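S.K.: First the structure, which I've put down as structure tokens, then a few questions once you've had a look.
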Amino acid sequence: MKTIMINAKNVDNTINEDSFFGNNTIKVTNKCLYREGKPWLPVMGEMHYSRVPEREWKKSLQLMKDGGIEIISSYVFWNHHEMQKGKFRLDGNRNIKKFVQLCDELGLYFFLRIGPWCHGEARQGGFPDWLVEECKEACKDWHMEWPFSGIGTRRDVEPYMTYVKAYIKKICGELAECKNIIGVQIENELTDAPEYMKKIRDLVVQNGINVPLYTATAWGNTRLENTNLLPIWGGYPEAPWERGGEDIARQIDNVYKFRKERNDSVIGADIISHAESDATYITDCVPYMTCELGPGNQITYHRRPLIMEEDVYSVSLCTLGSGCNLLGYYVFRGGLNPTDEMHPMQESMISGYPNDYPITTYDFQAPIGSDGQVRRSYFVFKELFDFCHKFGDIMAPMDAILPENEQEEDIRWAVRTNGESGFLFVNNHSRGIRLKQQTNVEFNIETQNGNIVIPFKKIPLDIAFFVPFGLNVGGLKIKYSTAMLVNMEENTLIFRAVKGIVPVICLENGDIINLCNEQEICGVKVIMRDTYYRKPSKGEKLEVECLSENTLDFGQFEHLNLTDRTQEYRIKLKENIKYIKINWQGNVAALYADNEFITDNYFYGEPWAVDVSDIAGKEIIIKIQPIDEKEISDIYLDVIPQTGNVVPVVEGFIDEYLYV
């Protein structure tokens with residue numbers, strides 16, 4: 001038997017409420033947020049209003065709320081609003097005021113990521129081209145290269161600041177009456193300009209947005225001295241901006257461990273340095289909060305990982321077990337870049353960035369995808385978020401105890417505790433590295449009320465879980481359980497078995513009871529349930545016609561430096577079809593309606609879902625560029641496509657929601 005000794009009785013339970021941040025409703029302490037005097041562990045999910053059709057806003061927001069999201073965050077992409085200088089658009093899906101008010105109507109808070117620079121895989125990081133060109137011209141003697149230096153921008157310089165003041169005044173003016181905004185993120189992934197960032201914060205306040213939380217991304221050891229900005233972190237299950245194989249997997253493995261270091265060693269590495277520097281804040285003085293946990297990952301042309309629900313779940317559990325008290329996800333609802341402007345709006349090498357992304361599709365393999373499709377990860381997260389809502393007030397003030405000098409082959413664990421009770425977290429999954437099944441393991445947790453030993457005959461491979469110990473909830477005194485406590489409803493406790501582990505509950509008196517589907521224990525109703533997944537939607541196979549010659553322009557792929565070898569296929573839509581799902585093989589593909597480019601996709605192993613509501617009755621053609629062996633060797637792929645021309649299989653769906 002391998003025994004892991006954990007001293008949980010000497011934790012520091014001191015709550016320091018002397019914080020600059022917060023107001024009478026939401027207060028920031030050194031450990032966690034408080035809402036109306038009660039510890040709060042909220043869940044935040046990102047949805048970019050300008051990347052989602054306005055008609056889909058309410059449905060998507062309701063889905064997010066039903067899935068457990070409490071706070072909606074969104075970037076404001078300046079170039080989506082003012083692509084042409086002086087022509088500021090707030091119509092349709094650019095109507096930010098309407099979007100924030102809709103969040104309020106649905107009982108959702110809003111977190112404003114105002115920039116002015118956002119990144120978000122958008123062209124110029126969201127800066128309009130005219131702004132970049134004017135600022136470069138004004139600072140042409142600097143001899144610095146865009147975008148990594150932010151030449152003539154992202155500093156307190158002219159004419160940049162004049163335009164920024166007008167931009168912030170416009171956005172804040174739109175939102176001044178919105179009462180559900182609880183936070184504003186200033187800039188993004190800017191590590192070395194605290195004076196400038198404070199000035200942006202002050203401009204937001206001066207223009208009427210007074211909120212309890214003002215934040216800045218902290219990865220890259222961001223300097224935040226004297227800014228009055230809270231550091232906020234992130235972590236992704238993959239790094240598709242990177243190049244390489246096993247070496248990248250080992251770097252990514254950091255987020256699959258319980259760790260004291262809040263900085264993810266890989267996040268943002270495509271544009272910022274992660275060199276060591278002296279931190280300008282002490283993490284023990286501020287709560288651990290995230291704005292960019294990846295519930296999926298976007299793909300690039302050169303790296304196309306297929307993200308599974310166990311990947312994103314493990315990252316979340318490791319972050320939560322490490323002490324995180326705001327789970328913020330980027331992005332929870334994917335979207336589509338605008339196509340009605342002068343230039344493609346996505347990040348690409350021709351716009352000065354190191355990555356090529358699809359022109360329109362910003363799917364992110366999110367729980368709710370780019371066209372509204374609902375993935376299995378949505379339901380995995382719903383269970384986790386239910387736990388946060390029901391037990392977050394208990395766990396949020398708890399300290400995190402982490403292993404010292406953890407080795408790769410060791411069991412990955414953490415404990416959240418107040419010294420008497422808490423939760424044991426275990427992760428035995430890493431996306432890039434195959435871990436080992438563990439057998440005959442016990443966790444001996446020394447609490448202020450004595451030792452609690454939690455035994456496991458085995459900890460299977462590729463699972464992540466958390467279990468309670470020393471907890472008195474719902475009228476039941478739990479010494480420990482080997483099943484996950486995931487929810488509570490009135491006089492009912494809801495558990496879920498961990499795959500491969502016998503579910504038992506040990507009561508305070510030492511009695512051990514096997515957990516079954518439904519039973520009563522000490523007068524408390526106990527239910528065991530599996531994670532609920534909605535079955536995939538059933539569609540109808542549609543007719544696909546292989547065209548004898550190409551009729552459409554190859555221009556959507558020209559920035560990728562590909563030789564045109566495309567094959568075109570006509571899809572015959574039936575009436576009332578809302579979605580199509582395209583099972584295709586190849587390299588890249590684009591969809592056209594009546595010869596107009598609509599959207600595109602890179603092959604990475606998952607069927608391509610498209611909302612066709614707006615193009616019903618039009619001639620639909622898919623142009624597919626096949627892939628060859630050389631391209632397969634140059635591109636990282638988890639799923640290898642067939643070479644040559646392969647006729648796609650297309651299904652049509654009439655359902656309001658597409659479950660995949």
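S.K.: Of all residues in the range 415-426, count the ones that are of a type in the set (Val, Ile, Thr) and either assigned to a loop (DSSP other than H, G, I, E, B) or under 23 Å from Lys458 (Cα atoms) (or both).
M.R.: Selection size over the range 415-426: 2.
S.K.: Given the residues Ile6, Ile15, which is the only one that is more than 30 Å from Tyr659 (Cβ to Cβ), β-branched (Val, Ile, Thr) and out of contact with any strand residue (DSSP E or B) (no Cβ under 7 Å at 6 or more places or on another chain)?
M.R.: When all the criteria are applied, what remains is Ile15.
S.K.: A further question on this structure: Residues of the range 284-302 being modelled with pLDDT of 95 or more and not in a loop (DSSP other than H, G, I, E, B), which ones?
M.R.: Within the range 284-302, Met289, Thr290, Cys291, Glu292, Leu293 qualify.
S.K.: If you don't mind, another one. For residues that are over 24 Å from Gln298 (Cβ atoms) and in contact with a Gly (Cβ under 6 Å, 6 or more places away or on another chain), scanning just the range 638-652, find the one that is least open to solvent (accessible area, probe 1.4 Å).
M.R.: Within the range 638-652, the match that is least open to solvent (accessible area, probe 1.4 Å) is Gly652.
S.K.: Take the conditions part of a loop (DSSP other than H, G, I, E, B) and open to solvent by less than 50 Å² (accessible area, probe 1.4 Å) and apply them to Val204. Does it pass?
M.R.: No, not satisfied.
S.K.: In addition: Among the residues of the range 553-562, is there at least one that is open to solvent by 30 Å² or more (accessible area, probe 1.4 Å), touching a helix residue (DSSP H, G or I) at 6+ places or on another chain (Cβ under 7 Å) and either closer than 23 Å to Pro344 by Cα or at pLDDT below 95 (or both)?
M.R.: Scanning the range 553-562 turns up at least one residue that is open to solvent by 30 Å² or more (accessible area, probe 1.4 Å), touching a helix residue (DSSP H, G or I) at 6+ places or on another chain (Cβ under 7 Å) and either closer than 23 Å to Pro344 by Cα or at pLDDT below 95 (or both).
S.K.: Please enumerate the residues belonging to the range 211-221 that are touching a strand residue (DSSP E or B) at 6+ places or on another chain (Cβ under 8 Å) and under 29 Å from Tyr636 (Cβ atoms).
M.R.: Of everything in the range 211-221, those that are touching a strand residue (DSSP E or B) at 6+ places or on another chain (Cβ under 8 Å) and under 29 Å from Tyr636 (Cβ atoms) turn out to be Thr217, Ala218, Trp219.
S.K.: Of the residues that make up the range 503-516, is at least one within 27 Å of Gly67 (Cα to Cα), modelled with pLDDT of 95 or more and open to solvent by 10 Å² or more (accessible area, probe 1.4 Å)?
M.R.: Among the residues of the range 503-516, at least one is within 27 Å of Gly67 (Cα to Cα), modelled with pLDDT of 95 or more and open to solvent by 10 Å² or more (accessible area, probe 1.4 Å), which makes the answer yes.
S.K.: Check Ala590 against each of (1) open to solvent by less than 30 Å² (accessible area, probe 1.4 Å); (2) within 21 Å of Arg303 (Cα to Cα); (3) out of contact with any helix residue (DSSP H, G or I) (no Cβ under 6 Å at 6 or more places or on another chain) and name the one condition it does not meet.
M.R.: (3)
S.K.: If you check Met308 against the conditions, is it open to solvent by 40 Å² or more (accessible area, probe 1.4 Å) and at pLDDT 95 or above?
M.R.: Against the criterion (open to solvent by 40 Å² or more (accessible area, probe 1.4 Å) and at pLDDT 95 or above), Met308 qualifies.
S.K.: Of all the residues that make up the range 508-520, how many are in a strand (DSSP E or B) and in contact with a strand residue (DSSP E or B) (Cβ under 6 Å, 6 or more places away or on another chain)?
M.R.: Qualifying residue count, the range 508-520: 5.
S.K.: Would you confirm, using the coordinates I've provided, whether Met342 is surrounded by fewer than 23 Cβ atoms within 10 Å (Cβ to Cβ), modelled with pLDDT of 90 or more and hydrophobic (A, V, I, L, M, F, W, C)?
M.R.: no
S.K.: Pairs under 6 Å by beta carbon, first residue in contact (Cβ under 8 Å) with a residue 60 or more places away in the chain and open to solvent by 40 Å² or more (accessible area, probe 1.4 Å) in the range 519-533, partner not in a loop (DSSP other than H, G, I, E, B) and not basic (Lys, Arg), six or more apart or different chains?
M.R.: Once the first residue is in contact (Cβ under 8 Å) with a residue 60 or more places away in the chain and open to solvent by 40 Å² or more (accessible area, probe 1.4 Å) and sits in the range 519-533, its partners that are not in a loop (DSSP other than H, G, I, E, B) and not basic (Lys, Arg) give Tyr532/Phe379; Tyr533/Phe379.
S.K.: With the range 1-40 as the region, which strands (runs of 3 or more DSSP E) entirely inside it contain at least 3 residues that are at pLDDT 90 or above, within 30 Å of Gly450 (Cα to Cα) and open to solvent by less than 30 Å² (accessible area, probe 1.4 Å)?
M.R.: In the range 1-40, there are no strands (runs of 3 or more DSSP E) which contain 3 or more residues that are at pLDDT 90 or above, within 30 Å of Gly450 (Cα to Cα) and open to solvent by less than 30 Å² (accessible area, probe 1.4 Å).
S.K.: Also: Any chance you could count how many residues in the range 178-194 are of a type in the set (D, E, K, R) and at pLDDT 95 or above?
M.R.: So the answer is 2.
S.K.: While we're on this one: Can you name every residue in the range 395-414 that is modelled with pLDDT of 85 or more, assigned to a loop (DSSP other than H, G, I, E, B) and in contact with an Asp or Glu (Cβ under 9 Å, 6 or more places away or on another chain)?
M.R.: Hit for the range 395-414 is Pro403, nothing else.
S.K.: I've got another one for you. How many residues are under 24 Å from Ile452 (Cβ atoms) and in a loop (DSSP other than H, G, I, E, B) if we restrict to the range 521-537?
M.R.: 2
S.K.: Could I ask something else about it? Does the range 157-184 hold any residues that are of a type in the set (Asp, Glu) and out of contact with any Lys or Arg (no Cβ under 9 Å at 6 or more places or on another chain), and which are they?
M.R.: Selection gives Glu158 alone.
Conditions tested, residue by residue: (1) acidic (Asp, Glu); (2) in contact (Cβ under 8 Å) with a residue 60 or more places away in the chain; (3) open to solvent by 10 Å² or more (accessible area, probe 1.4 Å).
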{"residue": "Phe443", "(1), (2), (3)": "no, yes, no"}
{"residue": "Leu461", "(1), (2), (3)": "no, no, yes"}
{"residue": "Gly470", "(1), (2), (3)": "no, no, yes"}
{"residue": "Lys479", "(1), (2), (3)": "no, no, yes"}
{"residue": "Ala483", "(1), (2), (3)": "no, no, no"}
{"residue": "Asn491", "(1), (2), (3)": "no, no, yes"}
{"residue": "Lys499", "(1), (2), (3)": "no, no, yes"}
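S.K.: Here's a follow-up. I'd like to check something: does the range 73-82 contain any residue that is modelled with pLDDT of 95 or more and more than 24 Å from Gly115 (Cβ to Cβ)?
M.R.: no
S.K.: Quick check on this structure: which one of Ile394, Ile368, Ile411 is in contact with a strand residue (DSSP E or B) (Cβ under 6 Å, 6 or more places away or on another chain), surrounded by fewer than 22 Cβ atoms within 10 Å (Cβ to Cβ) and of a type in the set (Val, Ile, Thr)?
M.R.: Ile411
S.K.: Are any residues in the range 191-201 touching a residue at least 40 places away in the same chain (Cβ under 8 Å) and either under 23 Å from Asn30 (Cβ atoms) or surrounded by fewer than 23 Cβ atoms within 10 Å (Cβ to Cβ) (or both), and if so, which ones?
M.R.: Those that are touching a residue at least 40 places away in the same chain (Cβ under 8 Å) and either under 23 Å from Asn30 (Cβ atoms) or surrounded by fewer than 23 Cβ atoms within 10 Å (Cβ to Cβ) (or both): Thr191, Pro194, Tyr196, Lys199.
The values are calculated or read from the model by the stated rules, or taken from the named source; none is laboratory data. From a predicted model like this one, the values you see are computed outputs, not experimental measurements. So basically every Cβ, Gly included, is an ideal-geometry build from the backbone, and we count neighbours across all protein chains shown. Quick note on the areas: whole protein, heavy atoms, side chains included, nothing else; ligands and nucleic acids left out. Shrake-Rupley method; radii C 1.70, N 1.55, O 1.52, S 1.80 Å.
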